[in-house]
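Structure first, commentary second.
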Amino acid sequence: MPALAVKSLYKVFGSRTDEAMRRLADGAPRDEALAGLPATAAVIDANFEVRPGEIFVVMGLSGSGKSTLIRMLNGLLRPTQGSVRVDGVELTTLRPAALRKLRREKISMVFQHFALMPHRTVLENAGYALEVAGLPKAERRERAMDALRMVGLADWADKLPHNLSGGMRQRVGLARALAAGTDILLMDEAFSALDPLIRREVQDQLLELQAELGKTIVFITHDLNEAMRLGDRIAVMRDGRIVQIGTAEEILTDPANDYVAQFVADVDRTRILTASSVMEKAQTTLDVNVGPRVAARALRENQTSVVYVTGPRKQFLGTVTEDEVLRALREGRQSLDGYVSTERVRTVTEDTAVADLFADCAESQHPVAVLDAKGRLAGVIPRITLLSALASTTPHEVPALDGPAEVDLVGAKGDPA
Amino acid sequence: MSQHESPLDGWLPRVPLGTWTESAVDWATGTLGPAFDAIAAVVDALVRPLDDLLTGVPAVVVVLVLAGLGWWLRGWKFGLGTAVGLGLVAGMPYWEETMSTLAQVLVASALALVLAIPLGVFIAENRRASAVARPVLDLMQTMPAFVYLIPAIFFFGIGTVPGVLATLVFSMPPGVRLTELGLRQVDKEIVQAAESFGAPPWMVLLRTKLPLALPTIMTGVNQVIMLALSMVVIAGMVGAGGLGDVIMFALSQVEVGSGFEGGIAVVVLAVVLDRLTDSVGERFPSARAQRLARQAA
């Protein structure tokens, strides 16, 4: 069961919402559909599911409806139509008391401008959810301290929020949500108000904590790089509608429409794309027990000069070149065993970022071997493939190629200078 | 009521608003008599003991207590100033009247706040109620102060009680308004944060909204006391006693000297009450925290 399930969710502000809903149902763009009506549609027909333990990022520019969307997930705003299920419980029809209970037990939230209470100490802020839940003071203190320790602010427990920097205040906001002990965390532009360097730091901290705690996180942001960095999956919103949902790679390599394509145009793909998305099939892959005669024929047929050799469990062993196959043939060997070398080819894993492939590609005599989690050969990356993967991202920056073998691969990404 | 010819005679029907008001007041005096008697008894029971206390103890004690309070709340300079100002008043012939006025102001503003703050909370939470309350508050504030005295005499006769009640009505509006304003100005995100953790409305109100609105509400308290002080002098016209009497008498006899003395006593009271209530507001932890937060930002 998904942790959160949203079905045909709408939020229309203003009056004459019935008429607005009727017009929106046809799928016309928001501004056209509502022209002349005293109503604004913030969220139109949102559908998605968030799996337990994933970071689901909702990304969009301001006015795209993402903040309204997240506020319907914990009932701070009532949807105009549609369904929100939290752990299977329909939230939209809950009575106020039941809704409050659900918030206490299942969902907590982190806010853009931290929303700490200025008249309470850091510790009292961190323990707020527990105070609401009616826990005894000693236990409250202990659990709030635990949460502050997690975000590295235990020493600041007795200070007031104004003594803290922005980054620290948001860590208190995070501690407050963590102390609540809920499985679901809503984060509304949580890091947007922070300086870039601090933002990076708290993003790292969130990822660290997430690796440990495995919360279900819905993260709202307008920053694509943040979305790509944090999100297991990303929903792109525009004018109230979700236009695409997918992993960072899916959105980069297969944008649903021009808007998304334009949005992702500026992203540094080499950090998002991984080896598995640019690799191709190895031309000649043979088992180590195959004889040199077969190998020679395979090389001839494929017009290549190197054999990728795998072992009995398909694990990658190394390469054998044309010359060595010929030598084995002359020496009358029955298998390639003894000729396999790991010297001439570099190996990387499937999730290696493209940015980290350049050095390997430059130093590897033959196309780099990409291995899966079990050490099996998933594919190879010839230099030219790496370059063309880059070319599709930054068409103006890749210099013309004469002979691929001579190109300085590390420099190829940017200006030739 | 009015015997004047209306310039619109023959063009528009005469609107006998005055006559209607009179009959409404007549009806109220007849039907609600017992209720008014009860209200009068309560107000009297509050003012009289306080008046007796303030006029009963030696002036030196009152001066020292207020000066000490000023020292504690705002520092030694203000404490000294309070002592000098009140000492001056004590040296003039109207100390007892000043203390009566103080008692009336304190009771009227306390009652006004008891009504105004809950009302302000209510209309801050309820837009429709706010829309209804706003013009009523405008009316209460712009109606010439003297006009309140007329029904007050009808319902409560002559004396301290109608004076205090007219003062109450006149001074209440800023208490309501600033309570509403303060609550509405509380950072929406902070309120949402409280709600998002499942806090029930009363908890959000008492532990989040009110503490954060407190500085503004205290400004309202300060305004209420200042307005009460200005009205309580006017209430001298209905025989409320205190400095109002002094000033009314000086006015009718054209006695510049005693008029000025009464006026100075009012000014001293006003300054002391204003600064004291102001610093009480600043001393709340939430106010201090917010002020520091603003400085840091």
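Derivation of every value follows stated rules applied to the coordinates shown; laboratory data play no part. What you see is a predicted model; the values in this text were computed from it and never measured. Neighbour counts run over all protein chains shown; Cβ positions are idealised from the backbone, glycine included.
For residue A:4, the residues whose amide H sits under 5 Å from its own are A:50, A:87, ignoring neighbours fewer than 5 places away on the same chain, with H placed 1.01 Å from N. For chain A, a Gaussian network of Cα nodes joined below 10 Å ranks A:385, A:253, A:342 by mean-square fluctuation, and the top entry is A:342.
Which longest run of chain A has no exposed loop site in it, a site being GluC sites (Glu not before Pro) in a DSSP loop with at most 14 other beta carbons within 10 Å, and the site itself not part of the run? Formally, the longest exposed-site-free interval is A:1-330. Comparing A:291, B:226, B:267 along the charge dipole axis of the protein assembly as shown, the residue lying farthest to the positive side is A:291, per the Cβ-charge model. Within the stretch A:98-131, none of the chymotrypsin sites (Phe, Trp or Tyr not before Pro) combine a DSSP coil assignment with at most 14 other C-beta atoms in a 10 angstrom radius. The relative contact order of chain A comes to 14 percent, based on Cα pairs under 8 Å that sit 6 or more residues apart.
Rounded to the nearest 20, the size of the Cβ-charge dipole of chain B about its Cα centre is 1380 debye, with Lys and Arg at +1 and Asp and Glu at -1. Mean partner shielding of peptide B:208-217, defined as the number of other chain Cβ atoms within 10 Å of each residue Cβ, is 1. Taking Cα atoms only, the orientation of helix A:137-150 departs from the longest principal axis of chain A by about 30 degrees. Sorting B:238-247, B:59-68 by average packing, meaning the other beta carbons within 10 Å per residue, from highest down gives B:238-247, B:59-68. Calculated mean residue ellipticity at 222 nm for the protein assembly as shown: -17000 deg cm²/dmol, from DSSP H runs with n ≥ 4 weighted as -39500 (n - 2.57), summed, divided by the residue count and rounded to 500. Using the Karplus relation 6.51 cos²θ - 1.76 cosθ + 1.60 with θ = phi - 60°, the per-residue 3J(HN,Hα) values for the stretch A:41-58 come to 9, 8, 10, 10, 6, 7, 9, 6, 10, 10, 7, x, x, 9, 9, 9, 9, 9 Hz, with x marking Gly and Pro.
Note on residue A:304 and residue B:253: their simple-model spin labels are 12.0 nm apart, each label 7 Å out from Cα toward Cβ.
Screening chain B for whole DSSP H helices of 20 Å or more along their axis (Cα) with average Kyte-Doolittle hydropathy at least 1.6 returns B:59-74, B:210-234.
Within 10 Å of the Cβ of each residue in A:106-115, the mean number of Cβ atoms contributed by other protein chains is 4. Applying both filters, DSSP loop and at most 13 other Cβ atoms within 10 Å, to the trypsin sites (Lys or Arg not before Pro) of the stretch A:218-296 gives A:281.
When exposed loop sites are taken as GluC sites (Glu not before Pro) in a DSSP loop with at most 15 other Cβ atoms within 10 Å, the longest stretch of chain B clear of them is B:6-254. Note: relative contact order over the stretch A:237-372, using C-alpha pairs below 8 Å and six or more positions apart, is 23 percent. Considering only B:216, B:176, B:116, and ranking their Cα positions along the charge dipole of chain B that arises from unit charges at the beta-carbon of Lys, Arg, Asp and Glu, the one farthest toward the positive end is B:216. For residue A:77, enumerate residues with amide H under 5 Å from its amide H, sequence gap 5+ or separate chain, H modeled in the peptide plane. Close amide H contacts, sequence-distant or interchain: A:72. Separation of the stretch A:205-246 and the stretch B:181-203 by C-alpha centroid, Å? Using only Cα atoms, the two centres lie 27 Å from each other.
At q = 0.11 Å⁻¹, what base-10 log of I(q)/I(0) does the Debye formula yield for chain A when every alpha carbon is treated as an equal point scatterer in vacuo? Evaluating at q = 0.11 Å⁻¹ gives log10 I(q)/I(0) of -0.92. The Stokes-Einstein estimate for the protein assembly as shown, based on a Kirkwood radius over Cα pairs and taken at 20 °C with 1.002 mPa s viscosity, is a diffusion coefficient of 66 µm²/s.
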